[in-house]
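Notes follow the structure.
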Amino acid sequence: MSQSPNKWHQETIESQKSKMEKTVPISPLPSDIATLTLPNGKTIQLPVYKGTKGPPMIDITQLQSKTGYFTLDPGFSSTGACISTMTYIDGDKGELLYRGYPIETLAKYSSYIEVCYLFIYGHLPSQKELSLFEETMVSEMMINEKLIEFYKGFATDSHPMAIMVGVVGALSAFMHKDFDVNDPRDREQIAIKLVAKMPTLAAYAYRTALGLPIIYPNKKYSFIENFLYMMFSTPMNDFNVDKVIVKALDTIFMLHADHEQNASTSTVRIAGSSLANPFACIAAGITALWGPYHGGANEAVLNMLKEIGNKENIPKYLQKAKSKDNCFRLMGFGHRVYKNYDPRAKVMQEMCYSVLEKTQRANDILESQLAILLEQAALKDDYFIQRKLYPNVDFYTGIVYEALSIPTSMFTVMFAVQRSIGWICQWMEMMSEKVQRISRPRQLYVGEDQREYIPIQDRKEEEKSRVCKLPMHSSLFGLVKV
Ligand code: CMC
């Protein structure tokens with residue numbers, strides 16, 4: 001990057017250099033050999049790797065070149081796509097570690113800024129390092145004024161996640177010329193700039209949707225306080241920082257900071273593997289996060305609780321979630337990796353009580369009571385027991401957000417802001433590898449075999465045209481039932 005290094009960089013550039021190098025993953029040596037016998041009788045020996053923790057992995061990178069076979073694993077249920085030093089999950093135990101530290105310990109004693117530092121530099125900061133780092137982060141929270149113009153172009157009823165996909169992608173138009181993705185010092189600055197600007201971009205999405213004036217970040221507030229300040233203050237009133245609310249929000253930020261190779265993180269890595277602009281890669285991650293099976297679940301949980309309405313309806317909705325006749329699922333339940341209680345959900349549940357005690361809003365209390373009853377009923381139900389479906393982090397997140405006056409449509413945006421550190425550090429990790437290959441999975445093709453091309457004048461007319469006829473000028477963007 002061409003800008004002159006700020007205070008943080010002047011003081012730490014040399015001392016951090018050697019520490020950052022420790023965050024580069026190094027392939028372990030094979031710990032074992034697996035022998036695979038193929039249908040043609042041929043056998044092949046494949047190296048087996050054992051990480052610091054977790055199940056062993058069979059290395060199949062040579063499988064195709066040595067045998068002609070590929071593996072098929074839609075949804076990547078059995079596939080490891082990278083070697084990482086960032087986050088470890090033991091799904092059976094319900095354990096989550098960030099660079100070796102249990103999430104419960106970090107949630108209790110650390111802060112989001114400390115966790116960001118931990119992910120970028122690989123170790124926890126000293127008090128001095130932390131203060132300097134937070135100062136740098138806060139000073140990077142402002143965004144280019146031209147970017148604010150983008151918000152005016154969105155339809156007034158736009159979902160804030162749609163706005164986030166657009167404006168974070170647009171960061172790549174502002175930051176593209178003066179950095180080299182292969183330079184670790186540039187990657188570090190990219191990470192700081194992205195994570196610092198995400199709360200600002202999110203707060204502006206919220207405020208412009210409501211027609212409220214933009215509030216600029218202020219150095220007198222901490223990183224998390226600045227987010228609340230930009231979301232909820234007005235130019236007319238003094239802003240009061242509530243320490244309980246700041247701590248609650250800080251903890252939620254920590255809980256969502258990273259979660260190894262989920263759909264959005266894998267999307268960021270795949271996009272980054274083509275050496276695309278990192279801010280555009282993050283926009284791709286936001287897109288993957290949006291869906292209700294991933295980050296969109298927090299919004300879906302709250303909508304579901306509102307729809308259930310009261311405890312008498314719980315059996316009906318549990319039945320609906322178990323039935324395969326519809327696509328309704330119990331939102332905030334189940335996880336690809338956790339086959340036990342999600343450790344983040346436990347922290348979230350406790351925090352829910354402390355926030356509700358503070359805010360004392362009757363509706364939120366009723367919603368939390370309904371959530372507890374729903375959880376108890378599901379955990380006693382054979383369907384959920386057999387499939388090991390437990391509450392995940394999103395089950396209680398929405399209730400806490402609502403108590404913090406964050407509107408439902410902003411819930412997944414909150415997740416995106418919090419996960420930005422995980423995404424960009426996973427990208428940094430990938431870019432630091434000595435050998436980088438573009439992500440390019442294969443497929444089992446079951447379409448037509450090669451067929452003869454028929455010139456258009458000789459083709460048969462279909463009885464009914466398959467092309468739907470849209471009324472002229474019906475709507476430029478809406479869909480019509482045809
Ligand atoms: N409600 C009802 N049934 C479920 C649920 C649920 N929430 N989750 C899974 N199942 C059933 C599923 O129908 C299947 O049943 P069967 O074996 O009879 O076909 C079985 O459990 C296994 O499900 P799966 O779809 O193979 O599991 P998966 O690992 O592919 O999906 C999941 C994981 C999170 C997408 C899924 O559990 C789900 O849709 N949960 C609700 C959405 C949700 O809360 N998402 C947030 C995840 S945590 C935050 C994040 O990191 O994104």
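The values are calculated or read from the model by the stated rules, or taken from the named source; none is laboratory data. Bear in mind the structure is a predicted one, so any value in this text is a computation, not a measurement. Here the Cβ is made from the backbone with ideal geometry for all residues, glycine too, and neighbour counts use every protein chain on show. What goes into the accessible areas is simple: the full protein's heavy atoms, side chains included, and nothing from ligands, DNA or RNA. Shrake-Rupley method; radii C 1.70, N 1.55, O 1.52, S 1.80 Å.
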- Task: Give the residue that is farthest from residue 198 (Cα to Cα), with candidates limited to residues of the range 252-279 that are open to solvent by less than 10 Å² (accessible area, probe 1.4 Å) and more than 16 Å from the ligand (Cβ to nearest atom).
- Result: 272
- Task: Would you please list the contacts, defined by Cβ atoms under 8 Å and residues six or more apart or on different chains, that run from a residue in the range 312-333 that is under 22 Å from residue 366 (Cβ atoms) to a residue that is polar (S, T, N, Q) and in a loop (DSSP other than H, G, I, E, B)?
- Result: 320/326; 332/392; 333/392
- Query: On the given criteria, is residue 443 more than 13 Å from the ligand (Cβ to nearest atom), closer than 30 Å to residue 27 by Cβ and in contact (Cβ under 8 Å) with a residue 24 or more places away in the chain?
  - Reply: no
- Message: Six or more apart or on different chains, Cβ atoms under 9 Å: show the pairs whose first residue is in the range 366-386 and within 19 Å of residue 336 (Cα to Cα) and touching a residue at least 12 places away in the same chain (Cβ under 8 Å) and whose second is of a type in the set (Val, Ile, Thr) and surrounded by 14 or more Cβ atoms within 10 Å (Cβ to Cβ).
- Response: 378/314
- For the range 406-419, pairs from a residue that is within 21 Å of residue 119 (Cβ to Cβ) to a residue that is of a type in the set (Lys, Arg) and more than 12 Å from the ligand (Cβ to nearest atom), with Cβ under 9 Å and 6 or more apart or across chains, are none
- Query: Pairs, please: C-beta under 9 Å, at least 6 apart or cross-chain, first residue in contact (Cβ under 8 Å) with a residue 40 or more places away in the chain and in a helix (DSSP H, G or I) and in the range 251-262, second of a type in the set (Ser, Thr, Tyr) and open to solvent by less than 10 Å² (accessible area, probe 1.4 Å)?
  - Reply: 251/112; 252/112; 252/397; 252/401; 253/112; 254/98; 254/112; 255/397
- Of these, 202, 155, which one is outside any loop (DSSP other than H, G, I, E, B), in the same structural domain as residue 240 (by TED's automatic domain parsing) and not charged (D, E, K, R)? 202
- Task: Could you please find all residues in the range 280-299 being surrounded by 23 or more Cβ atoms within 10 Å (Cβ to Cβ) and within 16 Å of the ligand (Cβ to nearest atom)?
- Result: 285, 286, 289, 295, 297, 298, 299
- Query: If you go through the range 358-403, how many residues are under 24 Å from the mean Cα position of the chain (by Cα), of a type in the set (Ser, Thr, Tyr), open to solvent by less than 70 Å² (accessible area, probe 1.4 Å) and within 13 Å of the ligand (Cβ to nearest atom)?
  - Reply: 2
- Message: Suppose we keep only residues that are open to solvent by less than 10 Å² (accessible area, probe 1.4 Å) and more than 14 Å from the ligand (Cβ to nearest atom) within the range 346-355. Which one would you say is nearest to residue 387 (Cα to Cα)?
- Response: 352
- Message: Among the residues of the range 434-464, what is the count of those that are within 40 Å of the chain's Cα centre (by Cα) and outside any loop (DSSP other than H, G, I, E, B)?
- Response: 0
- Item | Residue that is under 30 Å from residue 120 (Cα atoms), of a type outside the set (Lys, Arg), exposed (fewer than 10 other Cβ atoms within 10 Å of the Cβ) and not assigned by TED's automatic domain parsing to the domain that holds residue 201, where the choices are 435, 467 | 435
- Note on the structure: residue 118 fails exactly one of (1) surrounded by 18 or more Cβ atoms within 10 Å (Cβ to Cβ); (2) assigned to a helix (DSSP H, G or I); (3) in contact (Cβ under 8 Å) with a residue 24 or more places away in the chain, namely (3)
- So which residues in the range 156-181 are over 24 Å from the mean Cα position of the chain (by Cα) and touching a residue at least 60 places away in the same chain (Cβ under 8 Å)? 178, 179
- Note on the structure: Restricted to the range 328-345 and to residues being more than 6 Å from the ligand (Cβ to nearest atom) and assigned to a loop (DSSP other than H, G, I, E, B), the residue farthest from residue 78 (Cα to Cα) is 328
